[in-house]
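Q: Below is one structure. I have some questions about it.
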Amino acid sequence: MIRKQPQTLHEVIIQEQSAFAYAKGELSRLLSHLAIAAKIVHKKVNKAGLVDILGKADNINVQGEEQKKLDVFADEAFINSFRSSGLVAGVASEENDDIIAFDDELSINSKYVICMDPLDGSSNIDVNVSIGTIFSIYRRISPAGKPVNEDDFLQKGTKQVAAGYIIYGSSTMLVYTTGLGTTGFTLDPSIGEFCLSHHFIDTPEDGNIYSINEGNYTKFPRGVKDYLKYCQESDEESNRPYTSRYIGSLVADFHRNLLKGGLFIYPRTLQAPEGKLRLLYECNPIAFLAEQAGGKATDGLGNRIMEVKPTSIHQRVPFFTGSKNMLDKAEEFMQLYIND
Ligand code: AHM
Ligand code: MG
């Protein structure tokens, strides 16, 4: 019997490309470059417990948080890969205060810019818990031939050409969308390839997992508090009480809910009136993936995340994402106490 060969990421993106008559293969090549950087980071993350890489680097990132060595490594690995691809004109990264414009001959005419969080879930790095890379790809709006500027990055999420994440978990997966559904690939380390494992992910409309940092409970808006009470009440018909699951790594929390059905919430709190998560490189890419899988992503008050007009690179936004019916219910509670 001939064993079926797995379909690789490269094969799938080439197939997808043929759906766009005008495509020159640049986006496909860019995704392949990204996958190479992902494998380099995967290798480092897997070795992290073995070599003296854990612990803190000497510097602090732009949000005043400690950077771990792996954050720095991942940031450099992805930036180098984008720079050497000749397909990217600049990057906005969580780890860098300002945008990085690639103004050399190879990149200055390139048409894409990337927003990324090179290693999200930093508090989980040195405790062997899943972490992730999140990325979002846009077409630049400034003319080619000049260095990109902030406006190229401050585009609405609806303008994303592609987005995705890599989760470094019990296996490493790459999940992405180009607007033709959300698809997942699992890295087979024995052949070094991302192999198609989750074709056209369809997230359940009704989940039974809620994910929120309940340690912040007293600082939550009234609508969130009441929704949590609703999640915890018993009701056979709607399968409540729901289950609470929170890892503290957005990629891992979202990934689980995407496959099983659930709602992730990082609301505004008293200390963080805009929430914690960043619009450009955390919320928008996740929102694109959620919607492409049949889910939703809003600020909890009916505003679609991908329609928020960004005003700054590291902007934060309250974030509700996951199963459609759960999100609708949470928003009903939010609407009742809009100012509390
Ligand atoms: P980071 O970019 O510093 O890693 O912070 C983002 C992370 C997300 O992965 C996660 O959803 C959230 O912070 C958890 O925050 P908290 O510890 O406040 O619950
Ligand atoms: Mg982050």
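Q: Criterion first (in the same structural domain as residue 112 (by TED's automatic domain parsing) and over 30 Å from residue 105 (Cβ atoms)) does residue 178 satisfy it?
A: So residue 178 does not fit the description; no.
Q: Among the residues that make up the range 125-132, is at least one of them polar (S, T, N, Q) and over 25 Å from residue 246 (Cα atoms)?
A: No.
Q: Go through the range 131-162 residue by residue and tally those that are farther than 20 Å from residue 319 by Cα, open to solvent by 30 Å² or more (accessible area, probe 1.4 Å) and either outside any strand (DSSP E or B) or within 16 Å of ligand 1 (Cβ to nearest atom) (or both).
A: The qualifying residues number 9.
Q: Moving on. Sort out which residues of the range 85-130 are touching a helix residue (DSSP H, G or I) at 6+ places or on another chain (Cβ under 8 Å), part of a helix (DSSP H, G or I) and more than 14 Å from ligand 2 (Cβ to nearest atom), and write them in order of number.
A: The one that is touching a helix residue (DSSP H, G or I) at 6+ places or on another chain (Cβ under 8 Å), part of a helix (DSSP H, G or I) and more than 14 Å from ligand 2 (Cβ to nearest atom): 85.
Q: Now a separate question. Any chance you could count how many residues in the range 163-186 are surrounded by 24 or more Cβ atoms within 10 Å (Cβ to Cβ) and over 16 Å from the mean Cα position of the chain (by Cα)?
A: Count: 0.
Q: Now, a different point. Here are some conditions: (1) within 22 Å of residue 179 (Cα to Cα); (2) away from ligand 2 (no atom under 16 Å from the Cβ). Residue 243 meets all but one. Which one does it not meet?
A: That leaves (1) as the condition not met.
Q: How many residues does the range 246-278 hold that are away from ligand 2 (no atom under 16 Å from the Cβ) and touching a His at 6+ places or on another chain (Cβ under 8 Å)?
A: 1
Q: Filter the range 163-178 for residues that are away from ligand 1 (no atom under 15 Å from the Cβ) and in a loop (DSSP other than H, G, I, E, B) and give the result.
A: If the condition is that a residue be away from ligand 1 (no atom under 15 Å from the Cβ) and in a loop (DSSP other than H, G, I, E, B), then 170, 171, 178 are the ones that fit.
Q: Give the residue that is nearest to ligand 1 (Cβ to nearest atom), with candidates limited to residues of the range 103-130 that are over 12 Å from the mean Cα position of the chain (by Cα) and acidic (Asp, Glu).
A: Once the filter is applied, the top-ranked residue is 126.
The values are calculated or read from the model by the stated rules, or taken from the named source; none is laboratory data. Because the structure is predicted, anything quoted here is derived from the model rather than measured. Glycine also receives a Cβ, built like all others from the backbone with ideal geometry; neighbour counts cover every protein chain displayed. Ligands, DNA and RNA are excluded from the accessible area calculation, which covers all protein heavy atoms including side chains. Shrake-Rupley method; radii C 1.70, N 1.55, O 1.52, S 1.80 Å.
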